[in-house]
Amino acid sequence: MFQHLEPYAGDPILSLNDAFQKDPRTDKVNLSIGIYFDNEGRIPVLQCVRDAEAQMLAEGGAKPYLPIEGAAAMRRAVQHLLFGAEHAAVKAGRIATLQTVGSSGGLRVGADFIKRWLPGSAMCMSDPSWDNHRAMFEGAGIAVHAYPYYDPATGGVRFDAMREAIAALPARSVVLLHACCHNPTGVDLSREQWQQLVPMLRQRELLPYLDLAYQGYGDGIAEDAYAVRLLADSGLSFFVANSFSKSMSVYGERAGALSVVCSDAAEAELVLGQLKATVRRNYSSPAIHAAGIVSRVLTDPKLRGAWEADVAAMRGRIQTMRRSLHATLSAKKPGRDFGYFLTQRGMFSYTGLSAAQVDRLREQYGVYLIRSGRICVAGLNTGNVERTASAMAAVID
Ligand code: KET
């Protein structure tokens, strides 16, 4: 029955993380997957999440199926978090928000919806992007193209080339954009660049699709929603998939949402209905535990305050590690410019290391990063940053 199957090569990020777990070396360093580790190398359980869970346990509530679209309290809290409670689009009821199985679930539900209701639309994403963007959209039967983005020569964005490519897309094309903390490069559009992009997206009748997986890891929770709010202010219709995996350190809870900003409340109702149909025929409904955590942390003032402080601390620790890595590498390789470690934002830095150098780092030094040269800076800590910098210096000629 199944002998004709092709073997699955594995996912480059998840397989590497598995290989790291199996590596017996005690001084190994995991910079592979986009997970925040604390200074002891552990995935933290935030106190606000523990408190939310304690509340849920104390209430001893039943565990019915959630509605297809997820818990109302979480969906409302997500809208307030992303757009601001007072935003005109929120007040007008023209945003269709669905609780999803992580932001990955949201990205895919949105792609399935687009395939069904805008069947001629292709998707265009940054070069490079998170590899799974392509896989998810192609998996939904959507053609995927790329627009120029990262410039290895300057370490910045090829903004003119990006604009030209986007301006040439057919109307109704989906333009996938990282709302903040670009994965894998750590290089974001400036606010001025976003402001230039939005009128063009509107003129060309394009459909922006924002991925907001690292909210709070750039400048701050509200600051990192800048692009979301700018697009919502502009009156454009667009998608935004957002994640709590990283911002609340609840990876395995699969907590995320998909919001579609529409032109009016009636349209939002139609969109929500068809998103529900998409979910029902796929995984039926999302997880109640994830909804309980997220809605409590976002709406209970005490938990919310603690969460905001935790996010600021996680962001600050990553920035400290960026400075340490930069200082040690600069000292070991004088004359080389490692300034990009300081200017790139969020969890990731794009080191420019070749696949061969990445292999050497893993094999000889037990330092794991994906072969594109992306490192997860949050895998560094005061105990391993110097060793990691020395290993990197050793493989850089
Ligand atoms: N979007 C982006 C840009 C992203 O980097 C990830 C995860 C996700 C969505 C998925 O989020 P979730 O809400 O948990 O479904 N990225 C890391 C882990 C992975 O590849 O799954 C990573 O890039 O390492």
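Can you list the helices (runs of 4 or more DSSP H) found entirely within the stretch 1-105 that contain at least 1 residues being of a type outside the set (Gly, Ala, Ser) and farther than 22 Å from residue 245 by Cα?
12-22, 47-59, 88-91
Is it the case that some residue within the stretch 276-287 is aromatic (Phe, Trp, Tyr), buried (at least 23 other Cβ atoms within 10 Å of the Cβ) and either over 22 Å from residue 90 (Cβ atoms) or within 16 Å of the ligand (Cβ to nearest atom) (or both)?
Within the stretch 276-287 (the criterion being aromatic (Phe, Trp, Tyr), buried (at least 23 other Cβ atoms within 10 Å of the Cβ) and either over 22 Å from residue 90 (Cβ atoms) or within 16 Å of the ligand (Cβ to nearest atom) (or both)), the answer is no, since none of the residues qualifies.
All but one of (1) more than 20 Å from residue 307 (Cβ to Cβ); (2) part of a helix (DSSP H, G or I); (3) touching a Phe, Trp or Tyr at 6+ places or on another chain (Cβ under 8 Å) hold for residue 258; which doesn't?
Just one mismatch for residue 258, condition (2).
Can you find, within the stretch 12-46, the residue that is farthest from residue 348 (Cα to Cα) among those that are within 12 Å of the ligand (Cβ to nearest atom) and open to solvent by 40 Å² or more (accessible area, probe 1.4 Å)?
Filtering the stretch 12-46 for residues that are within 12 Å of the ligand (Cβ to nearest atom) and open to solvent by 40 Å² or more (accessible area, probe 1.4 Å), the one farthest from residue 348 (Cα to Cα) comes out as 15.
Return the pairs, sorted by first residue and then second, in which the second residue is among the aromatic types (Phe, Trp, Tyr), the first residue lies in the stretch 7-18 and is within 11 Å of residue 369 (Cα to Cα), the beta carbons are less than 9 Å apart, and the residues are 6+ apart or on different chains.
Sorted first by the residue in the stretch 7-18, then by its partner, the pairs are 13/130; 16/368; 17/368.
Please specify each residue of the stretch 250-266 satisfying the condition of being within 11 Å of the ligand (Cβ to nearest atom) and surrounded by fewer than 23 Cβ atoms within 10 Å (Cβ to Cβ).
Correct list: 251, 252, 253, 254.
With (1) open to solvent by 10 Å² or more (accessible area, probe 1.4 Å); (2) more than 16 Å from the ligand (Cβ to nearest atom); (3) touching a residue at least 60 places away in the same chain (Cβ under 8 Å) as the list, and residue 150 as the residue in question, which single condition is left unmet?
(2)
When residue 241 is evaluated against the numbered criteria (1) near the ligand (Cβ under 9 Å from one of its atoms); (2) of a type in the set (A, V, I, L, M, F, W, C); (3) not in a strand (DSSP E or B), which criterion, by number, is the only one it fails?
Of everything listed in (1) near the ligand (Cβ under 9 Å from one of its atoms); (2) of a type in the set (A, V, I, L, M, F, W, C); (3) not in a strand (DSSP E or B), residue 241 misses just condition (3).
For the stretch 99-116, name all the residues that are aliphatic (A, V, I, L, M) and either under 11 Å from residue 278 (Cβ atoms) or away from the ligand (no atom under 12 Å from the Cβ) (or both).
Those that are aliphatic (A, V, I, L, M) and either under 11 Å from residue 278 (Cβ atoms) or away from the ligand (no atom under 12 Å from the Cβ) (or both): 109, 111, 114.
Please work out which residue is farthest from residue 364 (Cα to Cα), limiting yourself to the stretch 1-11 and to residues that are surrounded by fewer than 13 Cβ atoms within 10 Å (Cβ to Cβ) and either within 16 Å of the ligand (Cβ to nearest atom) or small (Gly, Ala, Ser) (or both).
8
Which pairs turn up if I take residues in the stretch 243-259 that are at positive phi and look for partners that are within 9 Å of the ligand (Cβ to nearest atom) and part of a strand (DSSP E or B) with beta carbon separation below 7 Å, at least 6 apart in sequence or on another chain?
So the pair list comes out as 254/101.
Given the criteria within 16 Å of the ligand (Cβ to nearest atom), open to solvent by 20 Å² or more (accessible area, probe 1.4 Å), of a type outside the set (Gly, Ala, Ser) and more than 30 Å from residue 281 (Cβ to Cβ), does residue 127 qualify?
Working: within 16 Å of the ligand (Cβ to nearest atom): yes; open to solvent by 20 Å² or more (accessible area, probe 1.4 Å): yes; of a type outside the set (Gly, Ala, Ser): yes; more than 30 Å from residue 281 (Cβ to Cβ): yes.
Yes.
Is it the case that some residue within the stretch 191-198 is out of contact with any Asp or Glu (no Cβ under 6 Å at 6 or more places or on another chain) and either crowded, with 21+ Cβ neighbours inside 10 Å or among the aromatic types (Phe, Trp, Tyr) (or both)?
Yes; the residues of the stretch 191-198 include at least one that is out of contact with any Asp or Glu (no Cβ under 6 Å at 6 or more places or on another chain) and either crowded, with 21+ Cβ neighbours inside 10 Å or among the aromatic types (Phe, Trp, Tyr) (or both).
Tell me, which helices (runs of 4 or more DSSP H) wholly within the stretch 290-397 include 1 or more residues that are under 22 Å from residue 156 (Cα atoms) and open to solvent by 60 Å² or more (accessible area, probe 1.4 Å)?
301-332, 340-343
The values are calculated or read from the model by the stated rules, or taken from the named source; none is laboratory data. As the structure is a prediction and not an experimental result, all values here were calculated from the model. When we count neighbours, we look across all protein chains shown, and the Cβ atoms used for this are built from the backbone with ideal geometry, even at glycine. Only protein heavy atoms, including side chains, enter the accessible area calculation; ligands, DNA and RNA are left aside. Shrake-Rupley method; radii C 1.70, N 1.55, O 1.52, S 1.80 Å.
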